[in-house]
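Undergrad: Okay, here's the structure, questions in a sec.
The values are calculated or read from the model by the stated rules, or taken from the named source; none is laboratory data. Being a predicted model, the structure only gives us computed values, none of them experimental. Please note: Cβ atoms are built from the backbone with ideal geometry, for glycine as well, and neighbour counts cover all protein chains shown.
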Amino acid sequence: MNNNYENALQVLNLSKKFNEFQLDDVSFNLPVGYIMGLVGKNGAGKTTIINLILDLIKKDSGVINVFDENTEGKSEFKDEIATVFDDTFFSSDWTAIDIEKAIGPFYSKWDSNTFHSYLKQFSLSSKKKVKELSKGMKMKMMLAVALSHNAKLLILDEPTSGLDPVARDELMDILLDYMESGEASVLFSTHITDDLEKIADYITLMKDGKVFYTGPKDDLVESYFVVQGKISEIYPEFENLVIGLRKTSTGFSCLMNIKDIAALKTNMITEKATIDDILIYINK
């Protein structure tokens, strides 16, 4: 693997068509040493993108580069990627010892000492069966496996789904510890955007199989604001500029790009948009 790389992951014009869904011309860059949130409602294409990156399904067109090397026709790049999905793929009767015996041989850089160090750090018994673990403990077990073969790119697909707030917060701390070397990178797919507000550097926001936005997180949240006002204040030109206009008996709310701020009326109320606000309004 080339060691003089700028991007941990580069996706260029990626497309994949299914019977009822199409991933359409998706492009984004994840620079080395950063966390990117891959955001979208369920069915927006997040898992399809991850499956294509991991070569679990075949793309129709496009290019996927891992550490600036094209992955087409290659398998060695998978050694550089650690993956965590929203549910464990381990046998329910396996213990941590069984997991290491089954998974370790697949990775050329598997480190047993690192694995058992993570088991200790996460308070995971090496003899407890997977079926005896809570959702949060299963997530930690998957992370222990993922982080024990010296991978520099960690891909997580909805890892906080079903976790309680304490377990989610613990996961955020684990990811930040993983990033401390400055060489590690994370692609974090989720629809729980609160997690990304805390840790993401970049955001790729998906809508109906297409990229709505990709770039720095701060640029995204600084580009939009939520507007509220009376129904009587809505006028045609304003309505053409807004996103996800929602009308109620007491007034309206919508999302608006900062470049269109001149269209606001004096009495309209504005507030900075969160990632969650943006995700909700673009899907109305």
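Undergrad: For the range 145-173, how many residues meet the condition of being β-branched (Val, Ile, Thr) and either in contact with a Lys or Arg (Cβ under 8 Å, 6 or more places away or on another chain) or part of a loop (DSSP other than H, G, I, E, B) (or both)?
TA: Of the residues in that region, 1 qualify.
Undergrad: Additional query: Considering only residues that are surrounded by 21 or more Cβ atoms within 10 Å (Cβ to Cβ) and β-branched (Val, Ile, Thr), which ones fall in the range 154-192?
TA: Answer for the range 154-192, where residues must be surrounded by 21 or more Cβ atoms within 10 Å (Cβ to Cβ) and β-branched (Val, Ile, Thr): 155, 160, 186, 190.
Undergrad: When you check residue 67 against the structure, is it of a type in the set (Phe, Trp, Tyr), buried (at least 16 other Cβ atoms within 10 Å of the Cβ), more than 22 Å from residue 197 (Cα to Cα) and in contact (Cβ under 8 Å) with a residue 40 or more places away in the chain, yes or no?
TA: yes
Undergrad: Sticking with this one: Could you pull out the residue among 52, 56 that is part of a loop (DSSP other than H, G, I, E, B), within 21 Å of the chain's Cα centre (by Cα) and not acidic (Asp, Glu)?
TA: Of 52, 56, the one residue that is part of a loop (DSSP other than H, G, I, E, B), within 21 Å of the chain's Cα centre (by Cα) and not acidic (Asp, Glu) is 56.
Undergrad: Okay, moving on. Starting from residues that are surrounded by fewer than 15 Cβ atoms within 10 Å (Cβ to Cβ) and at pLDDT 95 or above, keep the ones in the range 1-56 and report whichever is nearest to residue 278 (Cα to Cα).
TA: Once the filter is applied, the top-ranked residue is 27.
Undergrad: Sticking with this structure for a sec: Within the range 244-284, work out how many residues are in a strand (DSSP E or B), in contact with a helix residue (DSSP H, G or I) (Cβ under 7 Å, 6 or more places away or on another chain) and either surrounded by 15 or more Cβ atoms within 10 Å (Cβ to Cβ) or in contact (Cβ under 8 Å) with a residue 60 or more places away in the chain (or both).
TA: Qualifying residue count for the region: 7.
Undergrad: From the list 98, 111, 86, which one is within 28 Å of residue 49 (Cβ to Cβ) and surrounded by fewer than 19 Cβ atoms within 10 Å (Cβ to Cβ)?
TA: After ruling out the rest, the residue left standing is 86.
Undergrad: Sticking with this structure for a sec: Among the residues of the range 115-137, write down those that are at pLDDT 90 or above, in a helix (DSSP H, G or I) and surrounded by 15 or more Cβ atoms within 10 Å (Cβ to Cβ).
TA: Scanning the range 115-137 gives 115, 116, 118, 119, 130.
Undergrad: Could we say that residue 91 is of a type outside the set (Lys, Arg) and more than 22 Å from residue 23 (Cβ to Cβ) here?
TA: yes
Undergrad: Please count how many residues of the range 220-243 are part of a helix (DSSP H, G or I), in contact (Cβ under 8 Å) with a residue 12 or more places away in the chain and of a type in the set (Gly, Ala, Ser).
TA: Matching residues across the range 220-243 total 1.
Undergrad: If you scan the range 94-121, which residues turn out to be of a type in the set (A, V, I, L, M, F, W, C) and either touching a residue at least 24 places away in the same chain (Cβ under 8 Å) or more than 24 Å from residue 79 (Cα to Cα) (or both)?
TA: 94, 96, 97, 99, 103, 110, 115, 119
Undergrad: Yes or no: residue 73 more than 19 Å from residue 151 (Cα to Cα) and assigned to a strand (DSSP E or B)?
TA: no
Each row is one residue, and each column tells you yes or no for (1) free of Cβ contacts under 8 Å to residues at least 12 places away in the same chain; (2) of a type outside the set (Val, Ile, Thr); (3) under 19 Å from residue 53 (Cα atoms).
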| site | (1), (2), (3) |
| --- | --- |
| 162 | no, yes, no |
| 169 | yes, yes, no |
| 179 | no, yes, no |
| 185 | no, yes, yes |
| 190 | no, no, yes |
| 194 | no, yes, no |
| 201 | no, yes, no |
| 204 | no, no, yes |
| 209 | no, yes, yes |
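Undergrad: Quick check: is even one residue across the range 197-206 outside any strand (DSSP E or B) and surrounded by 19 or more Cβ atoms within 10 Å (Cβ to Cβ)?
TA: Looking through the range 197-206, at least one residue is outside any strand (DSSP E or B) and surrounded by 19 or more Cβ atoms within 10 Å (Cβ to Cβ).
Undergrad: Looking at 252, 212, which one is closer than 30 Å to residue 31 by Cα and aromatic (Phe, Trp, Tyr)?
TA: 212
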